[in-house]
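The values are calculated or read from the model by the stated rules, or taken from the named source; none is laboratory data. Model, not experiment: these values are computed from the prediction. Here the Cβ positions follow ideal geometry from the backbone for every residue, glycine too, while neighbour counts run over all protein chains shown.
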Amino acid sequence: MAAVLPTDDATTTALHGSAPGWGFAHESQPGRWLARLTRWTEYLSGAVLAIDVMVVFVSVIYRYFLHDPVDWAEEIARALMIVLVFLGAATTLARSQHVGIDLFRQWLPASWQPALVQIGHWIIAGVAGSLCVSSLMLLVDSFEQTTSLGLPQYLYVYPVVIGSLFMTLFGLANALNAPARRVIGTLVASLAVLGAIYAWNAFVPGAAVPHGLMLLGAFVFGLVAGVPIGFVLAFASLLYFLADPTLPLMVYSQQVMAGSDHFVLLAIPFFVLAGLLMESNGMSSRLIELLLRVFGRVRGGMGLITITATAFFSGVSGSKLADVAAVGGIVMPAVRRTRQDPNEAAGLLAASAVMAETIPPCVNMIIMGFVANLSIAGLFMAGLLPAAVMALSLAALAVIVGRKIDPDEAFPHRRPLLRLLGGALVAVLMVAMIGKGVTSGVATSTEVSAFAVIYALVAGSLAFRELSVRGIAQLFVKSASMAGSILFIVAAASSLSFALTIEQIPQLVSSSMIAFAQHWGSTMFMLLAVLMMVVFGAVLEGAPALIIFGPLLTPIAAQLGINPLHFGTVMVIAMGLGLFAPPIGLGLFATCAMTGTQVKHVARPMLKYLAVLAATLILLVLVPAFSLWLPTRLGL
């Protein structure tokens, strides 16, 4: 998920590009006001996340231990999540940390790029402003409505209004932070193009630009301009809504809000928070140092440590980029101290992130289960054995191409062995708790993730005492921003899916793919679907590819007799392969930024690991038993 871990400048540059202007000026008085607004919005987002964790945790205690269910807990948690999504997305925009790809823009002439960046700012401001206007319409419409518990419906709409208003302010601030000539010129040009299209459709209705073509054009232009993925999806669907007079603009915000109003999606910010807590309270560093003591003198030991640590942390954070940051931040300094090749290590680290895509509680597995209506617990179990097969394949190659190191050189200070064992035990218990909770079916993934947060806070604080109250607060703020950026993509993709449904794209894709499968067979259908997910996983940052293609392709696979859990697992792995593969995989760019390497130097040593992963993926396609053995044994 791919997920997002943008806090440092290097990572942000990798995700957004180095083009100037992706942030408002803080020296001016308006800039200082906006900076203050950003800080308070971040604090509020962090507080909302903390309250949401406690609501779900208390609900679980009452339901499973006191046998007295709290009927209002889920609805309150969902309402708080909407606040979290839109306020988190606003702060992420203010910090210029929304995920986007600037590679396509860099292929264009250098003289065009400043204008494209500026147009991208106007797109973001326009999308946010339109969402604000649409949500105000929805707010007025919801005043007479109530929820199932009797709460006013407008309580769910207010966060969308406020969050989109903040995004509009931040978007305009970014758009105005450029030379006046460029600001005015790009604004006039953009309005002129939109006005010309509108006038053409109004006065020549017989030859009007098709709505679907406008949607596609907006999507492609947004990608080329380097607009963050969430806003690319929202922009494409917005133009579709504006072009079709039969669609009330109010429905636009309604669809965006609907994409974030699901209890199961709360597992995403909770697991991300649990992973960050684990990294910050010392569990991560202790476990990796212990692994180094165990595997350090084995041939290819550093590679084995990277693979094992990435697999382990995937069982906590759910976010692949969070895993890369946690492992890379500790392993890469050891790699350099032991005089290993950092490009080789970075390539293996990125390949290990692909391997870990299906290790629960992966964010992308949660998203795939949500959009394709699959059992998330079943997907979690279906992904374990494929991940083990990929891990063993990578480990065999790492031993073949690796060499021995001196563990004493890896860390400047060695912790006592008993403390390392104690730290590792605390971390292992956390992973075991998550795994047991998911597989037993006693609690949902969201409830398990809330338990994981509380455990990481309490056990980590008691065992290591490395987190201050201020540090914990900062982690909640950071997690809220990360969750906002991830879930805003899901919300924006919901509006795009609505537009695609009206255009009957799902039916067209379904009929074409079924015809292909009838001619070539279900296995070739699977391989074609894998190829599609690899390509779009690279172009769309991963999660949007699952959101768009998951609900389209999964029913077709079921019609062809392919087990949905097997299909979902393979799709997530294929998406991850695209996300971390050169030359445009966003995950690889982020990995290189976090490890202090360059994609052009990492790509070559990484190719052998990608080849092993691709061969293993084909094996997983051909042998469904790898995905289905555990779910079948557990009755999922």
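Things to note:
- So residue 125, is it surrounded by fewer than 24 Cβ atoms within 10 Å (Cβ to Cβ), under 18 Å from residue 232 (Cα atoms) and free of Cβ contacts under 8 Å to residues at least 60 places away in the same chain: yes
- Scan region 477-506 for residues that are surrounded by 24 or more Cβ atoms within 10 Å (Cβ to Cβ) and among the aromatic types (Phe, Trp, Tyr) and the total you get is 1.
- Region 168-201 - residue that is among the hydroxyl-bearing types (Ser, Thr, Tyr) and in contact with a helix residue (DSSP H, G or I) (Cβ under 7 Å, 6 or more places away or on another chain) and, of those, nearest to residue 34 (Cα to Cα): 168
Quick grid of which residues meet (1) closer than 23 Å to residue 42 by Cβ; (2) assigned to a helix (DSSP H, G or I); (3) modelled with pLDDT of 85 or more:
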| position | (1), (2), (3) |
| --- | --- |
| 450 | yes, yes, yes |
| 485 | yes, yes, no |
| 493 | no, yes, no |
| 506 | no, yes, no |
| 509 | no, yes, no |
| 517 | no, yes, yes |
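- The C-beta contact set for region 189-212 (first residue at positive phi and in contact (Cβ under 8 Å) with a residue 24 or more places away in the chain, second residue surrounded by 14 or more Cβ atoms within 10 Å (Cβ to Cβ) and among the small types (Gly, Ala, Ser), distance under 9 angstrom, 6+ apart or interchain) is empty.
- Residue pairs meeting the criteria (Cβ under 8 Å; at least 6 apart or on separate chains; first touching a residue at least 12 places away in the same chain (Cβ under 8 Å) and surrounded by fewer than 17 Cβ atoms within 10 Å (Cβ to Cβ), in region 606-630; second polar (S, T, N, Q) and part of a helix (DSSP H, G or I)): 615/393; 622/523
- Taken over region 543-591, the criterion of being farther than 26 Å from residue 606 by Cα, β-branched (Val, Ile, Thr) and in a helix (DSSP H, G or I) is satisfied by 547, 548, 554, 556.
- Just one residue in the set 238, 233 is at pLDDT 85 or above and more than 17 Å from the chain's Cα centre (by Cα); that residue is 238.
- Each residue in region 245-261 was checked for being surrounded by fewer than 21 Cβ atoms within 10 Å (Cβ to Cβ), out of contact with any Lys or Arg (no Cβ under 7 Å at 6 or more places or on another chain) and not in a helix (DSSP H, G or I), and 5 pass.
- Residue 548 being closer than 23 Å to residue 363 by Cβ and of a type in the set (A, V, I, L, M, F, W, C): yes
- Among the helices (runs of 4 or more DSSP H) confined to region 333-407, the ones with at least 3 residues that are within 24 Å of residue 603 (Cα to Cα) are located at 342-355, 376-401.
- Among residues of region 414-439 that are farther than 17 Å from residue 275 by Cα and surrounded by 14 or more Cβ atoms within 10 Å (Cβ to Cβ), those with a beta-carbon under 7 Å from a residue that is acidic (Asp, Glu) and modelled with pLDDT of 75 or more at least six positions away or on a different chain give the pairs 415/289; 420/289.
- Region 282-299, subset over 16 Å from residue 402 (Cα atoms), among the hydrophobic types (A, V, I, L, M, F, W, C) and touching a residue at least 60 places away in the same chain (Cβ under 8 Å), residue surrounded by the fewest Cβ atoms within 10 Å (Cβ to Cβ): 290
- Number of the exception - residue 302 against (1) over 21 Å from the mean Cα position of the chain (by Cα); (2) crowded, with 24+ Cβ neighbours inside 10 Å; (3) of a type outside the set (Phe, Trp, Tyr); (4) under 29 Å from residue 268 (Cβ atoms): (4)
- Any hit, region 192-207, residues being surrounded by 18 or more Cβ atoms within 10 Å (Cβ to Cβ) and farther than 24 Å from residue 114 by Cα: no
- Total residues in region 332-384, condition among the polar types (S, T, N, Q) and more than 29 Å from residue 629 (Cβ to Cβ): 3
- Filter result for residue 468 (surrounded by fewer than 19 Cβ atoms within 10 Å (Cβ to Cβ) and small (Gly, Ala, Ser)): yes
- Pick from region 12-57, criterion part of a helix (DSSP H, G or I), at pLDDT below 70 and within 21 Å of residue 488 (Cα to Cα), ranking: nearest to the chain's Cα centre (by Cα): 15
- Residue 179 meets the conditions (1) closer than 13 Å to residue 117 by Cα; (2) surrounded by 15 or more Cβ atoms within 10 Å (Cβ to Cβ); (3) of a type outside the set (Val, Ile, Thr) in every case but one. The failed one is (2).
- Residue 209 satisfies every condition listed in (1) over 23 Å from residue 132 (Cα atoms); (2) modelled with pLDDT under 85 except (2).
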